[in-house]
Amino acid sequence: MAGLVRGKLRYADVERDERFLKVLLELARDFWRRVELQDPPPPDASESARRVLAELFPREAPGKVIPLPPDAAIWDEQYVQASAEERLAKARKDEAANQLRALLGDAERGLLDHGIAWTLKTITRKGYEVQPTSYRDLKRHKEEKRNG
C-alpha cells in the first residue's frame, strides 16, 4: 500500500483482510445501486451535504408552494429543539467568557492551577469589503391557517 503522509510518499505492507473487503464490496454495491437508480443518499449534517443541496437547488421557483410530508414535522421539531438548546448553550458560553474577561481585567494572561491559561489580547484587523454573493436562506415562520 502507498499513500501520502504529511506530503511524503510512504509505503507499507498490509495483510489482506477478508472481513474488511466483504464490507467494502457491500458498500460499493450499495453505492452503485444508488447510482443506477438515481437514488441519492439522504442528506446528513455535513457541510458537504449542504453544499450539494445548494448546488442542486441554487434558486427558488418564485411562487411555488409544496405540501411537506407529515414526517417533516419530525425535522421541524428537531430544528426547534436544537435551536433552543443552541441558544441556551451560547448563553452559558457567553456568561463564562464574560466572567473570565472580568477576572482578567487589564491582564493579558491568567493561569489556572491545573495548567490552563486564558489570554485576553487586543486584535486589530484591516477593514475589507465583502464581495456580492447570493445564497438561499432557510428560515422557519408561522403560516396563517387558511379556510377551505
- Task: Can you run down the residue pairs with Cβ atoms below 8 Å, 6 or more apart or on separate chains, where the first is in segment 127-147 and not assigned by TED's automatic domain parsing to the domain that holds R51 and the partner is not basic (K, R)?
- Result: Y135/A54; R136/A54; R136/F57; R136/P58; R136/E60; R140/D76; R140/Y79; R140/V80
- Message: I'd like the full set of residues that are outside any loop (DSSP other than H, G, I, E, B), free of Cβ contacts under 8 Å to residues at least 60 places away in the same chain, surrounded by 10 or more Cβ atoms within 10 Å (Cβ to Cβ) and not basic (K, R), limited to segment 36-59.
- Response: A49, V52, L53
- Item | Contacts under 7 angstrom Cβ, first residue in segment 78-92 being assigned to a helix (DSSP H, G or I), partner at pLDDT below 95, 6 or more apart | Y79/R140
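The values are calculated or read from the model by the stated rules, or taken from the named source; none is laboratory data. For clarity, every value in this text was computed on a predicted model and none was experimentally measured. Backbone-built Cβ (ideal geometry, glycine too); neighbour counts: all protein chains shown.
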